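No value in this document is a laboratory result; all are computed from the given coordinates. Here the structure is a predicted model, which means the values were calculated and not measured. Here the Cβ positions follow ideal geometry from the backbone for every residue, glycine too, while neighbour counts run over all protein chains shown.
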Amino acid sequence: MNKIIPYGRQNITQEDLDAVIQALVGDYLTQGPIIKQFEEAFANYVGSKYAVALANGTAALHLSALALSIKPGDKVITTSLTFSASANCIRYCGGEVVFVDIDPATFLIDIDKVETLLKNSPAGSYKGIIPVDFAGRPVNLERLQKVANDYGLWIIEDACHAPGASFEDSNGEFQNSGNGKFADLAIFSFHPVKHIATGEGGMITTNSFGLYNKLLSLRSHGITRDQSRFKNSIIQAGGNSSDSIYPGWYMEMQELGYNYRITDFQCALGISQLKRANLDLEIRRQIAKRYDIAFQNKKGLLSPSLEIDSNFKDNHAYHLYVLLVEDRLGLYNHLKVNGIFSQIHYYPVHLMPYYRSFGWKENDLPSVEDYYSRCISLPMYPTLTEDEQDFVISTILNYYK
Ligand SMILES: Cc1ncc(COP(=O)(O)O)c(C=O)c1O
């Protein structure tokens, strides 16, 4: 096969292009009505009450951390098996990152270990927890929320890998990632390798009206145009003492915010992509099934998506398809020579030089470190053809022959 096969890539259709062009020739490039349309469509997709679209997933994490008032020295729990932004948002606010190991069967934060940590710490030691729906497998948030509630912690679900994922709760109902039922806030990214691509882009979903308004303010410099919330008087704003309304131009900066806005033409692309989200998710699941069957019980290979806890039913969204393998470097290079560009997700965040500088070191999180020594992410995206899938499968099986 001559074509290069990446591990992930965006899919831009003619409909996407038409939607973006229409937005580009419209009245607003940014701060226009398409942003709200995307937010409403996305909230509807995941089943949350509110959604706030942002410049990227990292901005979504930063604003979530601010909205939940992380202060210098506050301890927040997260996983080391993630993109570093999940932890960095705690540091942006001066908080202390406490990594908890993963469950080796699911690769998700080990809820038993979270509970043990909280049980053995003085009351009030921890403020919150940021679980990650790694690879697209949803965290059992119902269980995690019970633990968090017992110790007064908030939850930010990092659902960047998991739009469309769901899990079955104790009432037998399926709960979508990011629907806000078991977490205060959830965040998503629309980077090109993600399920929905807007170039750069992100979203926060929530069911809290208070947090929603706070996020809208923080997204745009802490400025409000809502006169019912103004703090300065009409006269201070430049109006006359006889006026009952503020001057038309007046707006007020009430807190320190940022410019984390997304543009209208990116949101037009997001809306267009969202229309295919269920179809694309189905294709990802079909590809995963083919990989599962091909790699089942093969020497040197363990196919993690078969390792589902029988007491917990979930619908994986397959942002990534991860294999655990022997001789990972050899396989990675063998694939590369054959034009298949696999990836490794992730080098453990606690072993990054920045986090080592806080004292984190080898053997602190044995399950994450063991996972890292064997993991490899295979090509997984909706336009990966069956021939390409077969080529990936045969190239891997040949290596272990
Ligand atoms: C789990 C996770 N969290 C956060 C982010 C940050 O998103 P963005 O790249 O849009 O800033 C990513 C994206 O790579 C991610 O995979």
| said: Assuming 0.36 nm per residue, please report the length gained on full extension of the stretch Q14 to S394 beyond their Cα-Cα distance. | reply: 133.5 nm
| message | Once you order the gyration tensor axes a ≥ b ≥ c over the Cα atoms, which shape class does segment 238-340 get: rounded for a/c under 1.5, otherwise prolate or oblate by comparing a/b with b/c? | response | prolate
| How would you classify segment 1-106 from its alpha-carbon gyration tensor, with a ≥ b ≥ c the square roots of the eigenvalues: rounded for a/c under 1.5, else prolate if a/b is greater than b/c, otherwise oblate? | oblate
| said: Once each part is reduced to its C-alpha centroid, what is the distance from segment 11-31 to segment 58-109 in angstrom? | reply: 34 Å
| message | Run lengths n ≥ 4 of DSSP H only: what is the helix-derived mean residue ellipticity at 222 nm for the chain, with -39500 (n - 2.57) per run over all residues, to the nearest 500? | response | -10500 deg cm²/dmol
| In segment 1-45, which chymotrypsin sites (Phe, Trp or Tyr not before Pro) are in a loop and have at most 16 other Cβ atoms within 10 Å, using DSSP for the loop call? | Y28
| query | Taking the Cβ of G180 as the center, what net charge do the other residues with Cβ under 9 Å away carry, scoring Lys and Arg +1 and Asp and Glu -1? | reply | 0
| message | Counting other C-beta atoms within 10 Å, and keeping those with at most 14, which DSSP coil GluC sites (Glu not before Pro) do you find in segment 227-293? | response | E255
| Taking a ≥ b ≥ c as the square roots of the eigenvalues of the Cα gyration tensor of segment 288-401, is the shape rounded (a/c under 1.5), prolate (a/b larger than b/c) or oblate? | prolate
| query | Tell me, what HN-Hα J-couplings in whole Hz come from the Karplus equation 6.51 cos²θ - 1.76 cosθ + 1.60 at θ = phi - 60° for each residue of segment 137-150, using x for Gly and Pro? | reply | 8, x, 5, 6, 5, 4, 5, 5, 5, 4, 5, 4, 5, 4
| Distance histogram for the chain (every C-alpha pair counted, 20 angstrom bins, percent rounded to whole numbers) | 26, 55, 17, 2, 0
| query | Can you give the net charge of the other residues whose Cβ lies under 11 Å from the Cβ of V76, counting K and R as +1 and D and E as -1? | reply | +2
| Setting aside same-chain residues fewer than 8 positions from K71, which aspartates and glutamates have a Cα under 15 Å from its Cα? | E96
| remark: With H195 itself left out, Lys, Arg at +1 and Asp, Glu at -1 over residues whose Cβ is under 13 Å from its Cβ give +3
| Under the Karplus relation 6.51 cos²θ - 1.76 cosθ + 1.60, θ = phi - 60°, what is the ordered set of whole-Hz ³J(HN,Hα) values for segment 378-392, x standing for Gly and Pro? | 8, x, 8, 6, x, 8, 5, 6, 4, 4, 5, 4, 4, 5, 4
| Distance between segment 336-351 and segment 161-226 - C-alpha centres, whole angstrom | 27 Å
